[in-house]
Ligand SMILES: [Mg+2]
């Protein structure tokens, strides 16, 4: 195993300074993994374009109504959740760290994001702007002085 991979496997939390493919299962040390897209060098616009090109090549836009995409997104979220079903919260971190399960978990979270990107494509939503707006709303709902260290819903703070 690549030395960087051994180190990364100890700390599988996301590290923006490292290519994500070296943080989990893709630790073969091959050059193709090194050329892969990474969060640090890929824009949201590039991801959207990648998904759009994939969809258009297959003439799938005809099936991509907001209804179908939102349902597909939920279905993929369910597939992601299935990996952690019946595990305790602490144990779910071990599941996420398990090299044997890592690939499948990465695939499911990718499916979720791909459908979210395609939903934004079809609906003409600027994701960065929408996230900025929602984060500002979240900051108002969950002021640090009230919410820090608490998991309660904003109505319960
Ligand atoms: Mg899936």
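Listed conditions (1) out of contact with any helix residue (DSSP H, G or I) (no Cβ under 7 Å at 6 or more places or on another chain); (2) modelled with pLDDT of 95 or more; (3) surrounded by 11 or more Cβ atoms within 10 Å (Cβ to Cβ) are all met by residue 53, apart from (3). Looking across the stretch 135-152, the residues that are surrounded by 10 or more Cβ atoms within 10 Å (Cβ to Cβ) and part of a loop (DSSP other than H, G, I, E, B) come down to 142, 143, 150, 152.
The values are calculated or read from the model by the stated rules, or taken from the named source; none is laboratory data. Remember, predicted model here, so these are calculated numbers, not experimental data. With ideal geometry, Cβ positions are generated from the backbone for all residues, glycine too; neighbour counts draw on all protein chains shown.
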